Structures are given as structure tokens and as C-alpha cells.
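The values are calculated or read from the model by the stated rules, or taken from the named source; none is laboratory data. Only a predicted model underlies this, so the values are computations on that prediction, with no experimental measurement involved. Here the Cβ positions follow ideal geometry from the backbone for every residue, glycine too, while neighbour counts run over all protein chains shown. Quick note on the areas: whole protein, heavy atoms, side chains included, nothing else; ligands and nucleic acids left out. Shrake-Rupley method; radii C 1.70, N 1.55, O 1.52, S 1.80 Å.
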Amino acid sequence: MIITQISTDGQMMADTLSVMDKAPESIGLMDLMIKGGYMMIPLYILFVLAIFIFVEKVITLRKASKSPKNLMDQVKILVQAGKIEQAKMLCQQEDTPVVNMIGKGLERIGSPLKNIEVSIENVGKIEIYKLEKNLGILATVAGAAPMIGFLGTVAGMIRAFIGVAQEEGMVSPKLLSTGIYEAMITTATGLVVGIIAYLGYNYLVTQVSKLVHSMEYSSIEFIDLLQEK
């Protein structure tokens, strides 16, 4: 009995030491991304698309907002002096929405004021369209990514429970938990992509609104200049 008890205790201690020696398995980020399943592919594509659109629009908006601060003052001086051609050449040196609108107005000088206003408005609409281009795609990514993530999770949960149903006898908690956490990866990824796209979209919309306000102010200032003339 004593020998048996000692043997049992020794075996228990050996098992305990064996468990303690086993370090918890660490899972890297890339391993998690891979284990998310095939639904991660469209999420990767949406993420790359969102980053590309955001960077492209930021560069576009920065270029569009770089109008010389004293441009309107120079144009005003030249127009009042009757040097329309020089004013046109000054505007041709820049390629921004505000300058393009003013340049179109200068080309229409001599026409009725109403026609000049319409020409400026038409150019403004074209420039605004260019500024807002692809923003709708970014908004779509912000809404679609979380839904794709949820769809991937549902599909993963279905696969996990099918695997549990096919198991005979006792179901391993590890099998069930592994299937569940792998399924949840797509939801987490979809939410991350959606949040990034949503924040980027709202930032760009704010910047576009500021630039549109600047365009409207400059066009009004130019029309007032022509009325004074």
C-alpha cells in the first residue's frame, strides 16, 4: 500500500511538473490572420483599397488647397488696371480648383455678369466632383467590412459546430474553443477595417467641405470685383 501510494504521488508530481514545463503556446498576429479563413481575403482587399483611396485623396486635397494667399489681391489689381491677359497668365501658373474658377471667370469677362457666374459655377461643380471622387467607395468599405466580418464569423461557427457534431464521445473543449476563436477573427478584422475606413471618410469629407467653402468665398469675391469694375 505504501509503495503504491508513493508511486501514485510520484506520478502526480511528474504530471504536474510536465504541465508546468509546457509554456503556453503563443500565437502571432500573422498566424491569427491566416486562421481567419478565406473570408479574410476580401477584408484584406478592402483594407488595401481604403488605405489607397485615403492616401490618394489626402494628396489631392493638399494640392487643391495650395492656392497663393495673395492670388486674389494680384488678380484684383490686374483686373482694375485692365490687364486681363496678365491676370489670365497668372491663373494659368496654378492648377487648383479656386484658380481654375477664377481663370474661367477671367475668360468670360465682357459677357453679361450672369453668364460669368454660370461659367464659374459650372467649373466649381466639376472641381467638387473631382474632390469627392472615390469618397463613396470609402464609405462603402466602412459599411461592408464589418458585415463581411460577421458573415465570416457565422460561417466559421457553423463549421465549428459541424465538427463538434461529427465528434464521437466526449467533445474536446479545445476543439470547440479553437473553432470559435478562429471564427471571431473575421469579426475583429472587419470591425478594424470598417473603423479605419469610417474615420478616414469623415476626415476627408471635412477637408472637402473646407475647400468647397474656400471656393465659394473666392467666387463671390471675384464677382464682387467685377461688379465694382
Selected residue [of a type in the set (Lys, Arg) and part of a helix (DSSP H, G or I)] from 125, 66 | 125
Restricting attention to the range 82-122, the residues that are open to solvent by 40 Å² or more (accessible area, probe 1.4 Å), in contact (Cβ under 8 Å) with a residue 24 or more places away in the chain and in a helix (DSSP H, G or I) number exactly 4
Name the residues in the range 52-73 that are open to solvent by 70 Å² or more (accessible area, probe 1.4 Å) and of a type in the set (Val, Ile, Thr), would you?
-> 55, 59
Among the residues of the range 139-160, which ones are within 15 Å of residue 194 (Cα to Cα) and surrounded by fewer than 17 Cβ atoms within 10 Å (Cβ to Cβ)?
-> 140, 143, 147, 150, 151
Answer yes if at least one residue in the range 81-96 is within 19 Å of the chain's Cα centre (by Cα) and farther than 18 Å from residue 225 by Cβ, and no otherwise.
-> no
The one condition residue 42 fails out of (1) at pLDDT 65 or above; (2) within 22 Å of the chain's Cα centre (by Cα); (3) surrounded by fewer than 17 Cβ atoms within 10 Å (Cβ to Cβ) is (3)
Go through (1) surrounded by 15 or more Cβ atoms within 10 Å (Cβ to Cβ); (2) under 17 Å from residue 127 (Cβ atoms); (3) charged (D, E, K, R) one by one and return the number of the condition residue 76 breaks.
-> (2)
What about residue 43, is it assigned to a helix (DSSP H, G or I) and in contact with a Ser or Thr (Cβ under 7 Å, 6 or more places away or on another chain)?
-> yes
